[in-house]
1. When you scan the stretch 76-104, how many residues do you find that are polar (S, T, N, Q) and either within 23 Å of G179 (Cβ to Cβ) or free of Cβ contacts under 8 Å to residues at least 12 places away in the same chain (or both)?
2. Is it the case, given these coordinates, that S89 is of a type in the set (S, T, N, Q) and farther than 27 Å from T6 by Cβ?
3. Scan the stretch 171-188 and give yes if some residue there is open to solvent by less than 30 Å² (accessible area, probe 1.4 Å) and part of a strand (DSSP E or B), otherwise no.
4. Select the strands (runs of 3 or more DSSP E) contained entirely in the stretch 1-102, then report the ones holding at least 3 residues which are open to solvent by less than 70 Å² (accessible area, probe 1.4 Å).
5. Is there any pair linking a residue in the stretch 261-277 that is touching a residue at least 24 places away in the same chain (Cβ under 8 Å) to one that is open to solvent by 50 Å² or more (accessible area, probe 1.4 Å) and basic (K, R), with Cβ under 7 Å and at least six apart or on different chains, and which?
6. Could you tell me whether any residue of the stretch 134-142 is open to solvent by less than 10 Å² (accessible area, probe 1.4 Å) and within 12 Å of the chain's Cα centre (by Cα)?
7. Any residue in the stretch 145-166 that is under 19 Å from D108 (Cβ atoms) sitting within a Cβ distance under 8 Å of a residue that is modelled with pLDDT under 95? List the pairs, counting only those 6 or more apart or interchain.
Amino acid sequence: MTDPRTIFITGATDGLGRALAHRLATEGATLILHGRDPNKLDRTAEAIREAYGVPRPRTVLADLAELAQVRRLATDVRETTDRLDVFVSNAGIGGGEPDGRTRRTSADGHELRFAVNYLAGFLLTLELLPLLRRSAPARIVNVASIGQHPIDFDDLMIERDYSGMRAYGQSKLAQIMSGLELATRLSAAQVTVNSLHPATYMPTKMVLQEIGYTIDTLDEGVTATHRLVSGADVATTTGRFFDRTRETKANPQAYDAAARAELWRRSLQLVDHADID
């Protein structure tokens with residue numbers, strides 16, 4: 001069956017993002033693929049075109065560690081398509097290698113994992129929301145993690161007691177919290193917002209280099225993510241967190257309305273963006 005929807009995936013040149021793109025291509029979806037390496041991005045798009053005999057996916061380039069590039073990325077997506085049915089916020093870096101275990105900062109001076117894993121997706125979501133709303137019913141899928149760490153609002157950029165895994169866990173909880181907050185501001189009939197832990201230690205670059213072994217297959221992660229992208233059974237489900245395909249609870253802080261509101265307020269300040277209507 002042909003899927004007429006337009007789907008934008010960040011981090012589409014490796015691991016889960018690339019495998020998901022291949023799965024969606026077999027179903028006829030119109031794909032917009034993001035990457036930060038132009039050569040890998042071109043190879044990914046060409047491989048999909050050749051493998052399935054489909055039109056070459058559109059490609060958009062940006063380094064998510066710089067907010068100016070994130071803004072340009074949103075502009076590029078808006079100029080590439082007049083509709084957007086699904087935004088899969090997948091791009092991210094892990095808690096260790098190949099991105100290092102010591103504290104690093106983004107081009108804007110923010111803690112790197114918070115910037116790439118959370119702030120970039122937060123800003124992209126805000127920038128693309130009008131397009132998603134015009135394309136209703138639309139979906140936002142945040143690829144998060146079961147590995148979460150409570151946010152310390154007095155040390156949001158983790159200048160004390162830094163560890164890569166703590167930073168990763170905080171960035172993933174922030175993803176989930178902002179998704180829950182956004183879901184309260186949008187009609188589920190218009191745009192749904194859900195987050196998931198797709199699978200544990202899939203054979204991705206970050207897992208293989210830092211952990212050195214795998215638990216789940218890439219197919220398991222693709223299946224879980226694909227369900228939130230396309231599943232009829234979750235068409236009006238919003239504001240939820242899933243462990244693979246099973247709905248579960250995130251860290252308790254995610255359900256603290258005051259903490260969610262504070263994160264939302266601080267995030268708007270950090271990305272210099274007005275609140276949504």
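The values are calculated or read from the model by the stated rules, or taken from the named source; none is laboratory data. Note that the structure is a prediction, hence the values are computed from the model and not measured. We place every Cβ from the backbone using ideal geometry, glycine too, and count neighbours over all the protein chains shown. Just the protein is used for accessible areas: all its heavy atoms, side chains included, with ligands, DNA and RNA removed. Shrake-Rupley method; radii C 1.70, N 1.55, O 1.52, S 1.80 Å.
1. Of the residues in that region, 3 qualify.
2. In short, no.
3. No, the stretch 171-188 has no match at all.
4. The strands (runs of 3 or more DSSP E) meeting that bar are 6-9, 30-35, 86-89.
5. Every condition considered, the pairs that remain are I276/R185.
6. The answer is yes, given that some residue of the stretch 134-142 is open to solvent by less than 10 Å² (accessible area, probe 1.4 Å) and within 12 Å of the chain's Cα centre (by Cα).
7. Y162/T102
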